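The structure appears below as structure tokens.
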Amino acid sequence: MNDPIVPFPKFGAGTGLHRVKFIADAMELDLAAFAPRACAVTGSNGKGSVAAMTASILAAEKTNVGLFTSPHLYSIRERFRIDGDPIDENALAAHWEKVLKACARYQEDHASDQIGGFEFLFLVAASWFAEQRCEFIVWEAGIGGRLDTTRLIRARQAALVSLDFEHTKLLGETLEEIAYQKIDIAPPGGKIFIGPCAGDLKARLEIHAALNGVEPVFVHENDAWCDSGDSAHIDVDLRGAVLRIAPPLAGPHQRSNAAIAAHLAYDILRADFVSDQNARSAVIAGLAATHWPGRLEKIETSPPIVVDVGHTPDGIRLARAGFEERHAPCVLVCGVSQDKSADAIIAQLAPGFRVIICAAALHKGAPPAEIAAMARVANPDAEIIVAEDMKDARNTALHRAQALNGSVYVAGGLFLAAEFAASHRGLDPARLRFF
């Protein structure tokens, strides 16, 4: 079975909380019933990693733990998981059809109130999780928080992983405005675990949270960091007791993400009357079991090929730092989506590489000649190659890395990374369906 095509545009008409609530009620799907057993994760970068680590920790102590994330890399089924396993094709087809019928009935009576694709997928997840009676569910936000569909869950515990300039027309032109949008994913009476932020912004977030009746927890205030290459670890202060954790994903940014996930999952387990010892053991076991593809993922060892799905300038910067912890820059395969800040992304990526291969993803890829021009400015000493397609980019990268006895780094956007990895595994990138 091929992945079904999402039958609605990515964004609906304006904010869609009202129509999602209406459709859920018509389906007799009680979104509020998820609240006591749910957490929500938002942020500009890293929210998928934190969501995956949090779900893995919870699954180390409990069974039947749901996880809703976006976007996907190879199959839309990846967005819906229970205990790490994606939804099977038959279950996806059944809930897809059920939600589609409910949406069609709504659209018949509200023709101008266009349903959004993320709203549709959220309802598919909620329908499946409700049927499966999940013990816990981790919901990753799509965009923002205040206007995000996942806010309807009213999860009592949430996380704000990081902040960067993104979707500014919707979320605001300043980091402060963006932060306010995202922190509002937590309902009054809830708690939100917040990643690193500057002192002035931290103070403003504390005030904003207090005004909304939300408890903010700045998770790194009492954590100790030890950066020592492959043995890097974090001493996390969990309610006054220190737990040493090893981040399961590569890169310094993933140490912060692991700490946030540890705090969030530990708090959820303790609130569920899990003993301190068992909750701490779950943190260790769950992090060790975490697998989250596309995040500085090594897809080949000889020569080393590492792919990363980062797509904002700051995300690109952090991921590259993680790559350089283990590999010297040699061959870069890069490309940027048409709607992203290509100049800023290439400026972060290009310096230091000996060979730069510019490629365009079939999905939304900017012309490789334009990327090549930016790369020449950012790194005039590099050999610049414009690839005909992803297969050509992959074959050229392997040849040049073998000749130079170096590594290959594939970065610049999710679609580029996914299509390159698919090509490397013998799959046809044209068969991938993104949303």
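Once the convex hull of the alpha carbons of segment 299-435 is built, what does its volume come to per residue, in cubic angstrom?
Per-residue hull volume (Cα only) is 88 Å³.
Along its three principal axes, how long is the chain when you only count alpha carbons? Whole Å, largest extent first please.
The Cα atoms of the chain stretch 59, 55, 40 Å along the principal axes, largest first.
In deg cm²/dmol and to the nearest 500, what is the mean residue ellipticity at 222 nm of the chain if only DSSP H runs of at least 4 residues count, each as -39500 (n - 2.57), divided by the residue total?
Mean residue ellipticity at 222 nm (helix-derived): -13000 deg cm²/dmol.
Apply the a/c threshold of 1.5 to the C-alpha gyration tensor of segment 150-281 and tell me whether it is rounded, prolate or oblate.
In terms of gyration-tensor shape, oblate.
Given the C-alpha atoms of segment 237-304, compute the convex hull and give its volume per residue in Å³.
Measuring per residue, one finds 91 Å³ for the Cα hull of segment 237-304.
Among the listed pairs K10/K47; K182/K202; K62/K98; K340/K364; K10/K298, give every one whose C-alpha distance is greater than 21 Å.
Going by Cα-Cα distance, K62/K98; K10/K298 fall outside the 21 Å limit.
Taking every pair of alpha-carbon atoms in segment 148-220, give the share separated by more than 19 Å as a whole percent.
Pairs farther apart than 19 Å: 28 percent.
For a Förster distance of 51 Å, can you work out the FRET efficiency between the beta-carbons of Q132 and V377, rounded to the nearest 0.05?
Result of the calculation: an efficiency of 0.50.
DSSP beta bridges in segment 251-398, what fraction antiparallel, as a percent rounded to 5?
Just about 40 percent of them are antiparallel.
Using the beta-carbon distance between N2 and D389 and R0 = 22 Å, what value does 1/(1 + (r/R0)^6) give for FRET efficiency, to the nearest 0.05?
Efficiency at R0 = 22 Å is approximately 0.55.
Tell me the per residue accessible area of segment 55-207 using a 1.4 Å probe; a whole number in Å² is fine.
39
Straight-line reach from K391: which aspartates and glutamates fall under 20 Å, measuring Cα to Cα and dropping same-chain residues less than 8 apart?
Counting by Cα, and skipping residues close in sequence, K391 has these aspartates and glutamates nearby: E297, E300, D308, E370, E383, E419, D428.
Can you list the aspartates and glutamates whose alpha carbon sits under 14 Å from that of K191, skipping same-chain ones fewer than 8 residues off?
List returned: E206, E215, D267.
Can you work out the FRET efficiency for the pair S281 and I207, with r the C-beta to C-beta distance and R0 = 45 Å, to the nearest 0.05?
0.75
Quick check: Cα centre of segment 235-312 to Cα centre of segment 373-435, how many Å?
So the separation of the two Cα centres works out to 29 Å.
Rounded, prolate or oblate, given the Cα gyration tensor of segment 1-99, with a/c below 1.5 counting as rounded?
Judged from the Cα gyration tensor, segment 1-99 comes out rounded (a/c under 1.5).
Given a 1.4 angstrom probe, I'd like the percentage of the accessible area of the chain that is carbon and sulfur, rounded to a whole number.
Here carbon and sulfur together make up 50 percent of the probe-accessible area.
If you take the alpha carbon radius of gyration of segment 240-361 and divide it by 2.2 N^0.38 Å, what ratio comes out, to two decimals?
Ratio of Cα Rg to 2.2 N^0.38 Å: 1.30.
Please identify, among P313, P329, P380, the residue showing maximal mean-square fluctuation in a Gaussian network model of the chain using a 10 angstrom Cα cutoff.
Result: P380 has the largest fluctuation of those listed.
The values are calculated or read from the model by the stated rules, or taken from the named source; none is laboratory data. Here the structure is a predicted model, which means the values were calculated and not measured. Ideal geometry is used to build each Cβ from the backbone, glycine not excepted, and the neighbour counts take in all protein chains shown. All accessible areas refer to the heavy atoms of the entire protein, side chains included, with ligands and DNA or RNA removed. Shrake-Rupley method; radii C 1.70, N 1.55, O 1.52, S 1.80 Å.
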